[in-house]
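Structure first, then comments.
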Amino acid sequence: MNQGEAQLINEKIVVPDELPRVSRSRLLRLLEKNLASYNATIINGRAGTGKTTLAADFACNAGRPVSWYKVDAADSDPRVFYEYLLASVRPQRPSINKSGLLHLAETLKRDETPLLAEAIVFQLSEGKAEPLLIVLEDLHLIYDADWLVPFFRRLLPLLPADVHLLITCRSLPPAPLWRLRSKQMLRVVDEGELAFTFDEAVALFKTYGLTEEHARASLRRTKGRAATIASFAATPGCAGRAVADSLLAMTPSRLKKMIPVQDCQT
């Protein structure tokens, strides 16, 4: 191991161990379908919409080796980015010549970045290996890097069929990458799809011994936002207050309909 490798933060290249309380089969099936239909998938949403949790759950259920890389703002330095990327991939693809690719990254000019993407794809394609899932978490933190668009614009169309790239981000990538969606190379999972459905909320609340009405009221309050609805379910009293607030907000006529009328005739 060289000095650069020794300085890598290992936590950045391991799958997070915080899995969801309830797996969301609807989204897992969608991501599984994307493996065969697209070169890459983007999970796009603001903080708290469940991007990382979903990606980690899928990584544990994808049925293939996973290379995980959590991107930080400092990784806009191409040398740092490529070193982490290759360090995450190499355990699954040992034939990759990491030192050779890093040397190429250092010697190429910025306008030659696509050549490095081609070299990485060539090494990913060499030999027989199990299908691979590469996850890049929080890629939006380096959108301002001038090498990013040329690199990914060349990388994504060339990815071998047995390699799928999964990206989580808080905003869509710069336009040239976004256009890959129209070419059926890229599938975007947005906030609308990430939001909890009623059935998913019920399944989550049931694990805490709460009812469908608790789930319904909390879903109405949170709009299905993953982190918020999970907090409602886990925090004693939150779901109950949501139900009470919902009842107080009802009109007298609607509330009357919900209360069973007893037959007092004898």
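For residue 134, state whether it is modelled with pLDDT of 95 or more, assigned to a helix (DSSP H, G or I), assigned by TED's automatic domain parsing to the domain that holds residue 90 and closer than 23 Å to residue 36 by Cβ.
Values: modelled with pLDDT of 95 or more: yes; assigned to a helix (DSSP H, G or I): no; assigned by TED's automatic domain parsing to the domain that holds residue 90: yes; closer than 23 Å to residue 36 by Cβ: yes.
Taking the combined requirement at face value, the residue does not satisfy it.
Look at residue 35 and say whether it is of a type outside the set (Lys, Arg), closer than 18 Å to residue 131 by Cβ, in a helix (DSSP H, G or I) and in contact with a His (Cβ under 9 Å, 6 or more places away or on another chain). Talk me through it step by step, then tell me what you get.
Values: of a type outside the set (Lys, Arg): yes; closer than 18 Å to residue 131 by Cβ: yes; in a helix (DSSP H, G or I): yes; in contact with a His (Cβ under 9 Å, 6 or more places away or on another chain): yes.
It is true that residue 35 is of a type outside the set (Lys, Arg), closer than 18 Å to residue 131 by Cβ, in a helix (DSSP H, G or I) and in contact with a His (Cβ under 9 Å, 6 or more places away or on another chain).
Against the definition (at pLDDT below 95 and within 28 Å of residue 161 (Cα to Cα)), how does residue 16 come out, yes or no? Spelling it out, residue 16 is indeed at pLDDT below 95 and within 28 Å of residue 161 (Cα to Cα).
Table: residues versus (1) more than 18 Å from residue 159 (Cβ to Cβ); (2) touching a Cys at 6+ places or on another chain (Cβ under 7 Å); (3) not in a loop (DSSP other than H, G, I, E, B).
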{"residue": "57", "(1), (2), (3)": "yes, no, yes"}
{"residue": "63", "(1), (2), (3)": "yes, no, no"}
{"residue": "67", "(1), (2), (3)": "no, no, yes"}
{"residue": "102", "(1), (2), (3)": "yes, no, yes"}
{"residue": "105", "(1), (2), (3)": "yes, no, yes"}
{"residue": "115", "(1), (2), (3)": "no, no, yes"}
{"residue": "119", "(1), (2), (3)": "no, no, yes"}
{"residue": "122", "(1), (2), (3)": "no, no, yes"}
{"residue": "130", "(1), (2), (3)": "no, no, no"}
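Within the range 123-131, at least one residue is over 27 Å from residue 28 (Cβ atoms) and among the acidic types (Asp, Glu). Do we find a residue being of a type outside the set (Phe, Trp, Tyr), modelled with pLDDT under 95 and not in a strand (DSSP E or B) anywhere in the range 186-198? Checked against the condition, which is being of a type outside the set (Phe, Trp, Tyr), modelled with pLDDT under 95 and not in a strand (DSSP E or B), the range 186-198 yields no hits at all. The set of residues in the range 64-105 that are hydrophobic (A, V, I, L, M, F, W, C), at pLDDT below 95 and in contact with a Lys or Arg (Cβ under 6 Å, 6 or more places away or on another chain) contains only 96.
The values are calculated or read from the model by the stated rules, or taken from the named source; none is laboratory data. Because the structure is predicted, anything quoted here is derived from the model rather than measured. Every residue, glycine among them, receives a Cβ derived from its backbone with ideal geometry; neighbour counts consider all protein chains shown.
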